[in-house]
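The values are calculated or read from the model by the stated rules, or taken from the named source; none is laboratory data. All of these numbers come straight from a predicted model, not from anything done at the bench. FYI the Cβ positions are ideal-geometry reconstructions off the backbone, even for glycines, and counts take in every protein chain you see.
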Amino acid sequence: MFIGVALFGLGTIAFGLSRSIPLSVLALMLVGGADMVSVVIRSSLLQLATPPEMRGRVSAVNSLFLGASNELGEFESGLTAQWWGAVRAVVIGGIASLTVTGLWSIFFPSLRRADTLTPESLMAADSQRSREEESIEQPIG
């Protein structure tokens, strides 16, 4: 998932800096493909990590936040383009995407460790995180 979002950020930066239509089209294809992959992975993780009795409610809340975040993102993009110009806003947006991806991979290592889209993989990554936290909390000697 993090690789998909990082590719999204890199494609966004490439698009922002491009002065060539073919390169811009390729960058936008990368952005769209990476976004589609990360959306599928995120929605699969959401479904797999949610207990069956809560899936409908969690999906509803997720849908609400996704809709709101798209609207807020469009507003933010328009403002930053107005303030900084379109190219600078696009490049800074790509850099911000890469920054958040890097930070989230540090703050949420269990997501980084989930290597397959199965409940077992998510639970294994989560239990490894729990073991690491326990070893940190135990005093030495």
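For the subset of the stretch 19-66 comprising residues that are over 13 Å from the mean Cα position of the chain (by Cα) and basic (K, R), which member is farthest from F2 (Cα to Cα)?
Residue satisfying both the conditions and the ranking: R19.
Being over 20 Å from T118 (Cα atoms) and either surrounded by fewer than 15 Cβ atoms within 10 Å (Cβ to Cβ) or under 14 Å from the mean Cα position of the chain (by Cα) (or both) is the requirement here; does S77 meet it?
Values: over 20 Å from T118 (Cα atoms): yes; either surrounded by fewer than 15 Cβ atoms within 10 Å (Cβ to Cβ) or under 14 Å from the mean Cα position of the chain (by Cα) (or both): yes.
Yes, satisfied.
Could you check how many residues of the stretch 32-69 are touching a residue at least 24 places away in the same chain (Cβ under 8 Å) and either touching a strand residue (DSSP E or B) at 6+ places or on another chain (Cβ under 8 Å) or surrounded by 15 or more Cβ atoms within 10 Å (Cβ to Cβ) (or both)?
Count: 9.
Which residue pairs have Cβ atoms under 7 Å apart, sit 6 or more places apart or on different chains, and have a first residue in the stretch 100-121 that is in a helix (DSSP H, G or I) and a second that is at pLDDT 75 or above and of a type in the set (G, A, S)?
T101/A6; T101/G9; R112/S105
Of the conditions (1) farther than 30 Å from P119 by Cβ; (2) exposed (fewer than 13 other Cβ atoms within 10 Å of the Cβ), L17 satisfies every one except a single condition; which number is it?
Unmet for L17, out of (1) farther than 30 Å from P119 by Cβ; (2) exposed (fewer than 13 other Cβ atoms within 10 Å of the Cβ): (2).
So if I check each of L46, L66, which one is under 22 Å from T118 (Cα atoms), assigned to a helix (DSSP H, G or I) and at pLDDT below 90?
Numbers: L66 fails: under 22 Å from T118 (Cα atoms).
Every option except L46 fails the conditions.
If I filter the stretch 73-96 for residues that are of a type in the set (F, W, Y), part of a helix (DSSP H, G or I) and closer than 27 Å to Q47 by Cα, do I get at least one hit?
Here is the first cut: in the stretch 73-96, the residues of a type in the set (F, W, Y) are 75, 83-84.
Still in the running and part of a helix (DSSP H, G or I): 75, 83-84.
Retained after the next criterion (residues that are closer than 27 Å to Q47 by Cα): none.
Within the stretch 73-96, none of the residues are of a type in the set (F, W, Y), part of a helix (DSSP H, G or I) and closer than 27 Å to Q47 by Cα.
Among the candidates V91, V61, V25, V39, single out the residue that is β-branched (V, I, T) and touching a helix residue (DSSP H, G or I) at 6+ places or on another chain (Cβ under 7 Å).
Values: V61 fails: touching a helix residue (DSSP H, G or I) at 6+ places or on another chain (Cβ under 7 Å); V25 fails: touching a helix residue (DSSP H, G or I) at 6+ places or on another chain (Cβ under 7 Å); V39 fails: touching a helix residue (DSSP H, G or I) at 6+ places or on another chain (Cβ under 7 Å).
After applying the criteria, what remains is V91.
Would you point out which residue out of V25, V31 is touching a Leu at 6+ places or on another chain (Cβ under 9 Å) and β-branched (V, I, T)?
Working: V25 fails: touching a Leu at 6+ places or on another chain (Cβ under 9 Å).
Result: V31 is the single residue among V25, V31 that is touching a Leu at 6+ places or on another chain (Cβ under 9 Å) and β-branched (V, I, T).
On the basis of being surrounded by 12 or more Cβ atoms within 10 Å (Cβ to Cβ), modelled with pLDDT of 95 or more, in a helix (DSSP H, G or I) and not acidic (D, E), does G4 make the cut? Before the answer, list the steps.
Working: surrounded by 12 or more Cβ atoms within 10 Å (Cβ to Cβ): yes; modelled with pLDDT of 95 or more: no; in a helix (DSSP H, G or I): yes; not acidic (D, E): yes.
Taking the combined requirement at face value, the residue does not satisfy it.
Residue by residue through the stretch 87-119, note down the ones that are over 13 Å from the mean Cα position of the chain (by Cα) and basic (K, R).
Matches in the stretch 87-119: R88, R113.
Could you check how many residues of the stretch 1-22 are free of Cβ contacts under 8 Å to residues at least 24 places away in the same chain and among the hydroxyl-bearing types (S, T, Y)?
Counting residues in the stretch 1-22 that are free of Cβ contacts under 8 Å to residues at least 24 places away in the same chain and among the hydroxyl-bearing types (S, T, Y) gives 2.
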